[in-house]
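Asks: Dumping the structure here so I can ask a few things about it.
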Amino acid sequence: MAAVLKIEALHKSFTLHQQGGVRIPVFEGLDAEVGAGESVAVTGPSGRGKSSLLKLIYGTYRASAGRIRVRKGDDWHDVVGAAPYDVLNLRRSTIGYVTQFLRVIPRVPAEVIVAEPLLERGVEEGEALARARHLLAFLNIPERLWHLSPMTFSGGEQQRVNIARGFAASFPLLLLDEPTASLDADNRMRVMQLVDEARSQGSAIVAVFHDETERHSVCSRDIALN
Amino acid sequence: MNAPTYNFAYLNEQTKRMIRRAILKAVAVPGYQVPFASREMPMPYGWGTGGVQVTAAILTPDDTLKVIDQGADDTTNAVSIRKFFVKTSGVATTEKTEDATIIQTRHRIPETPLTEDQILVFQVPIPEPLRFLEPRETETRVMHALEEYGVMQVKLYEDIAQYGQIATTYAYPAKVADRYVFDPSPIPKFDNPKLNDCPALQLFGAGREKRIYAVPPYTKVVSLDFEDHPFEIQTWDRPCAICGSRKSFLDEILTDDAGGQMFVCSDTDFCARQQNQSA
Amino acid sequence: MNPLLQVEGLGKTYGNRLGCEDVSFELQAGEVLAIVGESGSGKTTLLRCLSGHLQASSGRVLYAQRDGRSVCLADLSEAERRMLMRTDWGFVHQDAREGLRMGVSAGANVGERLMAVGARHYGHIRSTAEDWLTRVEINRERIDDSPWAYSGGMRQRLQIARNLVTSPRLIFMDEPTGGLDVSVQARLLDLIRGLVRKFNLAAIVVTHDLAVARLLSSRMMVMQQGRVIETGLTDQVLEDPQAPYTQLLVSSVLQV
């Protein structure tokens, strides 16, 4: 099984200048590797950096040292120190990310938010929206809400729009941050179905799951942060 | 007390040299507005001082001068200017277009076709065609230098949008020798075609604005327009009431208070000649 | 890939006073760069140097033209520079009155750039103008109205239409949402986002509003007192700010 993600000697710390320059270390030499079709859970106590690891892989957080290499086709790209343009390209084509919270943009309808990853890849608008609507329907978002901006949706509805967006396009590497939080049982099951589908299509998955059962149902091993 | 004696044609020779240099430059760059040191003339600004200075600079004792105002030889201004030149140069004058060597005109081109031996001098109020849309002189100079005439088309577009057609009927902008856009002075657009490929030298003088420009003989002059709104000249639905001409520019004359009107050739010399021919 | 814009050591001084200093970055097609900072940070000076409105004191700006050749902005003749600013580039001013011809109709405003590069068919110019008004969500029936009759938000959208009609590749925006109502801002930002994606525009947006930067840009540059304090992807700078000033700026944003 070909590796898709290789983390080597990752160091990350935060320096809070507004608190007198206090330094908060998060990682001090983390190594990890994930292959295509593999599902790995990030575990550990709260505040230990589970979300931070996902953000480091996605390039939102800057590593202090080490390498985070992602395979795109036959080439390896190091997210650490990559040029902004390269990171944006990776995000468009290779690394998908379901964040914990939906960042709501005023006026943009839910279906367009979900379709955006496809639109950014140049997929034709009709096709992208069709896929978006399919996902929204699958996650029980009523049709009457599709053309509305999620600004007025409930927390759970917003989360489901977020998830739909994360699964709209297929990514070789998919990062999931608590995808089932604040969802009822039926929707949780549907989300897990989407995860499973992605995995069987060959995506490598790195996920943070609060619920142990869910974690074990999908992930074959852990990256433990202690 | 002795009457004052004037230098030939009023201006001193140094001034004439300065103006001639400006004229040469203008002829060398058709349509380009050449700045010149416009002099105080014995008539106020707005009364043809630019045209008078150009005429004074090119006048020779052998010339025959014709002066018209809106096509007529007998209006006050035409008479005054003609008398001015007679007084200061003693030059011969005429009302017949074909006998003149220099024709100074306000706001019309004679109907009679001109020849290579003639010079037409226009009186110009505002020489800058871009002025109405761009009030800054610094900017209009750059626009001419860089041939940025989009704004001219904008004006014509705006006319069509507001009035359904290009509403400019006089001082209609044209492009000279495929390069400079110029204001041909407030001649009716009816006269614009005469500017093109004219055998005579055409000189333009603006006294208040201190600019001279020129259209050399046989120069291409194209009036601006749109492909789907081409340049058109005015037409009338009746002939001249006096001479019967159907091809000249007609003035409307009100004959009474009850709305009575008649249409008469604006070019008085042309009208008289037509009458004689039909008589 | 050849960057669309390459800036090397750009600086501008006003006598003894520093406008901006030592700015270097690259911009690719499709990228939106936000330049953020407080008043007096030098961001507007930088924008004006980049867009050719102001002559830089040091450094250079290289632009990759449509034929692939890179040209230094300072090497262009005035005619070439003005042509570039009229066709390949666009500039959206904070005050729409600076970016529009207030004395002519909306249609004439949108059509001007076309006429400036030789368009001579009234019907085509007009229908192109109508299309663009529709794209920026202005009722096409208002094509003959003067911009004086437009609201602030409409004037901004008209400005955008006026700039985009020649399919520019790079747009400069100076506080495009400044002074507009919040709901109007949202509409404008949504429009800009859509146009950027649809036409693969590159854009440099100056703003003091981090929320606008977050919404519009993929990259961000933070300026303070004429210098670039920090630069990176927008989410990087906002969520993992490194420099003390950036951390201060990010934490000062009011949350609704």
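The values are calculated or read from the model by the stated rules, or taken from the named source; none is laboratory data. The structure displayed is predicted, hence computed values, not measured ones. We place every Cβ from the backbone using ideal geometry, glycine too, and count neighbours over all the protein chains shown.
Asks: Could you please give the count of residues in the range C:90-109 that are within 11 Å of chain B (Cβ to nearest Cβ) and either of a type in the set (Lys, Arg) or crowded, with 18+ Cβ neighbours inside 10 Å (or both)?
Replies: Number of matching residues: 7.
Asks: Filter the range C:129-155 for residues that are within 27 Å of C:Gln65 (Cα to Cα) and away from every other protein chain (no Cβ under 12 Å); which is surrounded by the fewest Cβ atoms within 10 Å (Cβ to Cβ)?
Replies: Step by step, filter the range C:129-155, then rank; the result is C:Asp131.
The rows are residues; the columns are (1) at positive phi; (2) at pLDDT 95 or above.
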position	(1), (2)
B:Pro30	no, yes
B:Met43	no, no
B:Gly46	yes, no
B:Val54	no, yes
B:Thr60	no, yes
B:Thr64	no, yes
B:Thr75	no, no
B:Thr94	no, yes
B:Thr115	no, yes
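Asks: Please give the number of the condition C:Gly118 fails out of (1) under 24 Å from B:Met143 (Cβ atoms); (2) surrounded by 19 or more Cβ atoms within 10 Å (Cβ to Cβ); (3) modelled with pLDDT under 95.
Replies: The single condition C:Gly118 does not satisfy is (2).
Asks: Further question on the same structure: Considering (1) touching a residue at least 40 places away in the same chain (Cβ under 8 Å); (2) over 29 Å from B:Thr169 (Cα atoms); (3) not aliphatic (A, V, I, L, M); (4) not in a loop (DSSP other than H, G, I, E, B), say which one B:Thr105 fails and leave the rest.
Replies: (2)
Asks: Residue by residue through the range B:132-176, note down the ones that are closer than 19 Å to C:Val117 by Cα, more than 10 Å from chain C (Cβ to nearest Cβ), of a type outside the set (D, E, K, R) and not in a loop (DSSP other than H, G, I, E, B).
Replies: If the condition is that a residue be closer than 19 Å to C:Val117 by Cα, more than 10 Å from chain C (Cβ to nearest Cβ), of a type outside the set (D, E, K, R) and not in a loop (DSSP other than H, G, I, E, B), then B:Thr140, B:His144, B:Ala174, B:Val176 are the ones that fit.
Asks: Continuing with this model, one more query. For the condition within 11 Å of chain C (Cβ to nearest Cβ), closer than 24 Å to C:Asn200 by Cα and not acidic (Asp, Glu), what is the one hit in A:Val123, A:Val87?
Replies: A:Val87
Asks: Still on this structure, I have one more. Out of all the residues in the range A:16-35, which are surrounded by 15 or more Cβ atoms within 10 Å (Cβ to Cβ) and within 14 Å of chain C (Cβ to nearest Cβ)?
Replies: Those that are surrounded by 15 or more Cβ atoms within 10 Å (Cβ to Cβ) and within 14 Å of chain C (Cβ to nearest Cβ): A:His17, A:Val26, A:Phe27.
Asks: Step by step: first the residues of the range A:90-119, then only those that are more than 12 Å from every other protein chain (Cβ to nearest Cβ) and among the small types (Gly, Ala, Ser), then the one that is farthest from A:Leu175 (Cα to Cα). Which residue is that?
Replies: Among those residues, the one meeting the criterion is A:Ala110.
Asks: Sticking with this one: Quick test for you: out of B:Lys83, B:Lys25, pick the one residue that is in contact with a strand residue (DSSP E or B) (Cβ under 7 Å, 6 or more places away or on another chain), surrounded by fewer than 18 Cβ atoms within 10 Å (Cβ to Cβ) and part of a helix (DSSP H, G or I).
Replies: Numbers: B:Lys83 fails: in contact with a strand residue (DSSP E or B) (Cβ under 7 Å, 6 or more places away or on another chain).
Answer to the selection: B:Lys25.
Asks: Of (1) assigned to a strand (DSSP E or B); (2) within 14 Å of chain C (Cβ to nearest Cβ); (3) under 22 Å from C:Glu31 (Cβ atoms), A:His77 satisfies all except one. Which?
Replies: In the conditions (1) assigned to a strand (DSSP E or B); (2) within 14 Å of chain C (Cβ to nearest Cβ); (3) under 22 Å from C:Glu31 (Cβ atoms), A:His77 misses (2) alone.
Asks: Would you mention how many residues in the range A:52-77 are under 12 Å from the mean Cα position of the chain (by Cα) and under 18 Å from A:Leu88 (Cβ atoms)?
Replies: 7
Asks: Quick one: which of A:Arg144, A:Arg165, A:Arg160 is assigned to a helix (DSSP H, G or I) and surrounded by fewer than 18 Cβ atoms within 10 Å (Cβ to Cβ)? Steps first, answer last, please.
Replies: Details: A:Arg165 fails: surrounded by fewer than 18 Cβ atoms within 10 Å (Cβ to Cβ); A:Arg160 fails: surrounded by fewer than 18 Cβ atoms within 10 Å (Cβ to Cβ).
Only one candidate passes the filter, namely A:Arg144.
Asks: While we're here: Looking only at residues that are under 18 Å from B:Glu209 (Cβ atoms) and of a type in the set (Phe, Trp, Tyr) in the range B:132-186, which one is farthest from the chain's Cα centre (by Cα)?
Replies: B:Phe132
Asks: Could I ask something else about it? Take the residues in the range B:109-122 that are out of contact with any Pro (no Cβ under 7 Å at 6 or more places or on another chain) and either β-branched (Val, Ile, Thr) or over 26 Å from B:Asp178 (Cβ atoms) (or both); name whichever of them is surrounded by the fewest Cβ atoms within 10 Å (Cβ to Cβ).
Replies: Ranking the qualifying residues of the range B:109-122, first place goes to B:Asp117.
Asks: Considering only the range A:75-94, I want to know if a residue exists there that is crowded, with 21+ Cβ neighbours inside 10 Å and among the aromatic types (Phe, Trp, Tyr).
Replies: No, because not a single residue in the range A:75-94 is crowded, with 21+ Cβ neighbours inside 10 Å and among the aromatic types (Phe, Trp, Tyr).
Asks: One residue is enough: does the range B:222-239 have a residue meeting the conditions modelled with pLDDT of 95 or more, closer than 18 Å to B:Val34 by Cβ and surrounded by fewer than 18 Cβ atoms within 10 Å (Cβ to Cβ)?
Replies: no
Asks: Which condition number does B:Leu65 fail, the rest of (1) in contact (Cβ under 8 Å) with a residue 60 or more places away in the chain; (2) surrounded by 19 or more Cβ atoms within 10 Å (Cβ to Cβ); (3) in contact with a Phe, Trp or Tyr (Cβ under 7 Å, 6 or more places away or on another chain) being met?
Replies: Of the numbered conditions (1) in contact (Cβ under 8 Å) with a residue 60 or more places away in the chain; (2) surrounded by 19 or more Cβ atoms within 10 Å (Cβ to Cβ); (3) in contact with a Phe, Trp or Tyr (Cβ under 7 Å, 6 or more places away or on another chain), the odd one out for B:Leu65 is (1).
Table: residues versus (1) in a strand (DSSP E or B); (2) of a type in the set (Lys, Arg); (3) in contact (Cβ under 8 Å) with a residue 24 or more places away in the chain.
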site: C:Val23; (1), (2), (3): yes, no, yes
site: C:Ile35; (1), (2), (3): yes, no, yes
site: C:Gly40; (1), (2), (3): no, no, yes
site: C:Leu46; (1), (2), (3): no, no, yes
site: C:Gly52; (1), (2), (3): no, no, yes
site: C:Gly59; (1), (2), (3): yes, no, yes
site: C:Asp67; (1), (2), (3): no, no, no
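Asks: Please list, ordered by residue number, the helices (runs of 4 or more DSSP H) wholly in the range C:73-181 having 1 or more residues that are more than 30 Å from C:Gly42 (Cα to Cα) and more than 20 Å from the chain's Cα centre (by Cα).
Replies: Ranges flagged: C:106-116, C:122-135.
Asks: Can you name the residue in the range A:36-73 that is away from every other protein chain (no Cβ under 14 Å), in a strand (DSSP E or B) and touching a helix residue (DSSP H, G or I) at 6+ places or on another chain (Cβ under 7 Å) and is also surrounded by the fewest Cβ atoms within 10 Å (Cβ to Cβ) among such residues?
Replies: A:Lys72
Table: residues versus (1) modelled with pLDDT under 90; (2) part of a loop (DSSP other than H, G, I, E, B); (3) of a type in the set (S, T, N, Q).
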residue: A:Phe101; (1), (2), (3): yes, yes, no
residue: A:Val114; (1), (2), (3): no, no, no
residue: A:Leu118; (1), (2), (3): no, no, no
residue: A:Glu127; (1), (2), (3): no, no, no
residue: A:Ala130; (1), (2), (3): no, no, no
residue: A:Leu136; (1), (2), (3): no, no, no
residue: A:Asn140; (1), (2), (3): no, yes, yes
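Asks: Okay, moving on. Against the condition of a type in the set (Gly, Ala, Ser), more than 14 Å from every other protein chain (Cβ to nearest Cβ) and closer than 25 Å to C:Leu5 by Cα, how does C:Ala161 come out, does it pass?
Replies: yes
Asks: Moving on. Could you tell me whether the range C:59-75 includes any residue that is within 14 Å of chain B (Cβ to nearest Cβ) and of a type outside the set (S, T, N, Q)? Show your work before the answer.
Replies: First, the residues of the range C:59-75 that are within 14 Å of chain B (Cβ to nearest Cβ): none.
There is no residue in the range C:59-75 that is within 14 Å of chain B (Cβ to nearest Cβ) and of a type outside the set (S, T, N, Q).
Asks: Looking at (1) acidic (Asp, Glu); (2) within 14 Å of chain B (Cβ to nearest Cβ); (3) at positive phi, which is the only condition C:Glu112 fails?
Replies: Only one criterion is unmet by C:Glu112, namely (3).
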